[in-house]
Amino acid sequence: MPWRETAAELDRAGAEQAVKVPSPTGTLFGIHTPPDPTAPAAGYCVVLFTRPRAHRNRMWVEGARRLAARGFGAFRFDYHGTGDSEGPTSFLNPNQPYRDDAEAVLAALRARFGYQRFLVVGACFDARTALSTLAVKRSGVEGMVFFAAPLMELDTLVKAHADRKDWRHLLRALGNHENWRALVNRERWRYMATVLGRVARGGKRGARQDTPLADSFVEHFGALVASGARALFVYGESDAEYVSFQVAMQTVFPRLAPAERARFEVEVWPGDVHGFVNIPLQRRALEHTLGWLERFHPQPHTRVGANGPPQ
Amino acid sequence: MEVEGSPLYAVLHDAVPGRPEAPVIVHVHALGVEQITLYRQEVLAARGATALGFPVLRYHARGHGDSAGSSADVTLSSLVTDARAAADEAKRRSGRARVVWLGVRLGALVAAIAGGPSSGRGDAAGFVLWEPAAKPADFFRQQLRTLLFSRVAGGLKPDATVDQLLVRLEQEGSLDVLGYSLQRSLVRSFDGASLEAALAGCRAPVLLAQIEARARLAPAHAALVGSLNAPPAAGGERATVSTALVREEPGYQLMSNPAWSSDDLTRVTTEWLDALA
């Protein structure tokens with residue numbers, strides 16, 4: 001059943017404020033959902049990195065209003081070149097996150113509304129941009145929900161994903177006439193050629209060592225570790241992006257000290273997470289995110305506080 | 001602005017000075033995923049129009065985007081109510097007396113009903129129709145075809161035909177279409193509505209911008225143009241209908257990176273507006 005606002009959420013919708021944020025690439029447009037003044041104050045602003053601003057099926061509009069009804073501030077905005085913001089439009093490469101936009105947004109939220117503590121949420125490119133805020137000096141970011149982002153350069157990710165396949169998989173795929181129909185798509189051709197090449201060359205999986213993490217991810221992950229912030233990483237086991245996260249789990253995660261590692265939660269869900277392309281997944285992702293963020297609330301809701309407050 | 005107790009999100013783009021008599025343009029957005037895949041294109045076209053002296057108002061209908069309301073409650077009637085409220089607000093805030101309705105996809109039908117000859121408003125200065133969905137049933141079928149095609153593109157076998165999905169919608173009340181809930185109540189609310197009927201007797205100028213790779217008007221668009229060009233039964237004036245072929249693949253049917261936009265579509269729209277004023 002589609003979301004139906006409660007009276008408190010409808011009240012938050014009416015309280016929303018349009019905000020213009022100056023940035024190096026033009027004025028960004030965002031919407032601030034102020035916390036319900038009658039709810040216990042959470043003391044955080046949740047910045048929802050999302051594109052488009054409402055995202056598929058308005059899931060982060062719902063998120064913003066539900067958070068605000070619980071006493072969090074919330075902010076969602078358009079990156080430069082997207083939605084209502086100014087600036088040139090270009091391909092959004094997750095390995096080149098829009099850190100300048102993110103930094104400008106945090107600065108505006110501090111200056112205009114007085115927020116000092118932030119929680120950030122994003123998926124794919126948006127997750128990488130959310131992560132990049134940790135590299136901003138004194139960002140005030142204390143928690144992050146990170147959904148299904150690629151952690152490698154995109155060409156490398158195609159290779160790493162191809163390494164999941166074997167001859168049996170390839171023969172099965174070739175026997176499916178729908179796959180042949182899909183070859184009208186040029187990207188699909190490119191992908192198939194890479195898969196064929198990787199499978200034909202064979203070799204022990206992972207032995208090639210030619211699928212490294214992107215430098216930008218390693219840098220921003222390091223900033224996350226140094227910041228002391230907590231994070232929740234969520235991937236779908238069928239996500240192409242999950243392969244890159246597996247490499248991170250084998251490389252950068254094992255280097256963490258136990259106290260550092262304890263600040264990070266990792267969840268791998270069945271099927272796909274990337275894109276939130278079906279409603280049950282959207283609901284699960286939204287409820288899980290709100291529940292995790294609720295743990296930062298000084299007076300957490302009992303229903304979602306079962307895992308205890310963040311350490 | 002507020003409609004029936006629900007706050008609605010809207011943006012008024014101020015016009016550059018110099019054309020105080022130019023009408024205000026009201027965008028009536030598309031439905032489902034197309035509301036967001038065509039978002040940037042609408043923004044770019046609005047900015048192009050304001051540079052020519054036209055104020056523009058864009059809004060999100062209830063149950064859409066940043067507005068309040070549930071998508072479960074959206075019907076043709078609620079869409080038309082919101083569109084009319086948006087036009088009233090646009091006139092009030094801009095001080096302009098007349099409205100150009102810019103309808104996007106199925107929004108073209110909403111715009112035509114909201115401001116067309118049967119609306120009783122009498123303030124329409126023109127209609128811009130971007131790849132209009134002439135018949136709602138065809139639009140909803142296309143949504144379902146896109147759903148099936150996305151499965152094929154992802155290497156999966158479709159688990160139903162369009163007809164089977166429509167039966168499922170009828171039985172279950174809603175369908176998950178790429179993360180959007182397609183409601184039986186919405187589909188039923190469009191029963192019997194058509195762009196041709198909504199614009200019958202229209203005397204205001206019309207621009208039909210087709211966004212398809214083909215080199216001539218699609219049969220549905222050609223039929224609409226033929227109908228608008230036919231002499232009115234009661235005599236008198238008829239609409240001046242212009243057509244523009246934006247020969248691009250309709251990249252707005254699925255989300256893409258970057259979002260789909262068309263300089264050609266912006267150009268033909270602003271050129272037509274410039275000539276109108």
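When the alpha-carbon atoms of segment A:60-158 are used, the pair Rg, Dmax equals 14.0, 43 angstrom. Dipole orientation for the protein assembly as shown: of the candidates B:LEU265, A:THR194, B:ILE211, A:THR194 has the Cα lying most toward the positive pole (charges on Cβ; Lys, Arg +1; Asp, Glu -1).
Student exercise: in the protein assembly as shown, how many lysine pairs 8 or more apart or on different chains have Cα atoms under 28 Å apart? So the count of such lysine pairs works out to 6.
Rounded to the nearest 0.05, what FRET efficiency is calculated for A:GLN299 and B:ASP176 with R0 set to 25 Å and r the Cβ-Cβ distance? According to the calculation, E is roughly 0.10. If the Kirkwood radius is taken over C-alpha pairs of segment B:38-197, then at 20 °C and 1.002 mPa s the Stokes-Einstein diffusion coefficient equals 125 µm²/s. What FRET efficiency would be calculated for the residue pair A:ALA259, B:ALA230, taking the C-beta separation as r and a Förster radius of 60 Å, to the nearest 0.05? Computed FRET efficiency for A:ALA259 and B:ALA230 comes out at 0.15.
Taking every protein chain into account, the accessible area of the protein assembly as shown amounts to 42 square angstrom per residue (probe 1.4 Å).
Excluding ligands, DNA and RNA, what is the accessible area buried between chains A and B, summed over both sides, using a 1.4 Å probe, to the nearest 100 Å²? Each step should come with its number before you reach the end.
Numbers: alone 14920 and 12480 Å², together 24430 Å².
Protein heavy atoms only, the A-B interface buries about 3000 Å².
Going by alpha carbons, how many degrees (0 to 90, nearest 10) lie between the helix axis of B:39-50 and the longest principal axis of chain B? It is inclined by approximately 10 degrees. Taking Cα centroids, how far is segment B:71-101 from segment A:66-121 in Å? Distance between centres, Cα-based: 30 Å.
Taking the Kirkwood radius as the inverse of the mean 1/r across Cα pairs, report the Rg/Rh of segment A:1-133. Intermediate results must be reported in sequence, preceding the final value.
Details: Rg = 14.1 Å, Rh = 14.8 Å.
Radius of gyration over Kirkwood radius for segment A:1-133 works out to 0.96.
Rounded to the nearest 10 degrees, the angle from helix B:263-276 to the longest Cα principal axis of chain B is 30 degrees.
Quick one: which of A:249-255, B:53-59 comes out on top by average Cβ neighbours within 10 Å, and what's the full order, highest first?
Working: A:249-255: 12.9, B:53-59: 23.6.
The densest-packed peptide leads the list: B:53-59, A:249-255.
Overall shape of segment B:128-277 was characterised from the C-alpha gyration tensor. The equivalent ellipsoid obtained from it has semi-axes of 32, 21, 12 Å, in decreasing order.
With all pairs of separate Cα atoms included, the protein assembly as shown yields a Kirkwood hydrodynamic radius of 25.4 Å.
Averaged over peptide B:247-260, how many Cβ atoms belonging to another chain are found within 10 Å of each residue's Cβ? Spell out each step's value before the answer.
On the way: counts 0, 0, 0, 0, 0, 0, 0, 1, 6, 1, 8, 8, 7, 0.
That average works out to 2.
Classified by the C-alpha gyration tensor, segment B:75-167 has a prolate form. Its axis ratio a/c, with a ≥ b ≥ c, is 1.5 or above, and a/b is larger than b/c. Of the peptides A:40-49, B:133-142, A:108-117, the ranking by mean beta-carbon count within 10 Å, highest at the top, reads A:40-49, B:133-142, A:108-117.
Would you mind putting B:165-172, A:291-298, A:76-83 in packing order, based on average other-beta-carbon counts within 10 Å, highest first? Walk me through the numbers on the way to the answer.
Working: B:165-172: 14.2, A:291-298: 19.5, A:76-83: 24.6.
Ranking the peptides B:165-172, A:291-298, A:76-83 by packing returns A:76-83, A:291-298, B:165-172.
Averaged over the residues of B:43-55, the number of partner chain Cβ atoms lying within 10 Å of the residue Cβ comes to 1.
Computed over chain B, the alpha-carbon pair-distance distribution with 10 angstrom bins reads 7, 30, 37, 21, 5, 0, each value a whole percent.
The values are calculated or read from the model by the stated rules, or taken from the named source; none is laboratory data. In this text the structure is predicted, and so the values were computed from the model without any measurement. Methodologically, a virtual Cβ is constructed for each residue, glycine included, from the backbone with ideal geometry; neighbour enumeration extends over all protein chains shown. Ligands, DNA and RNA are stripped out before the accessible areas are found, and what is left, the full protein with its side chains, is counted by its heavy atoms. Shrake-Rupley method; radii C 1.70, N 1.55, O 1.52, S 1.80 Å.
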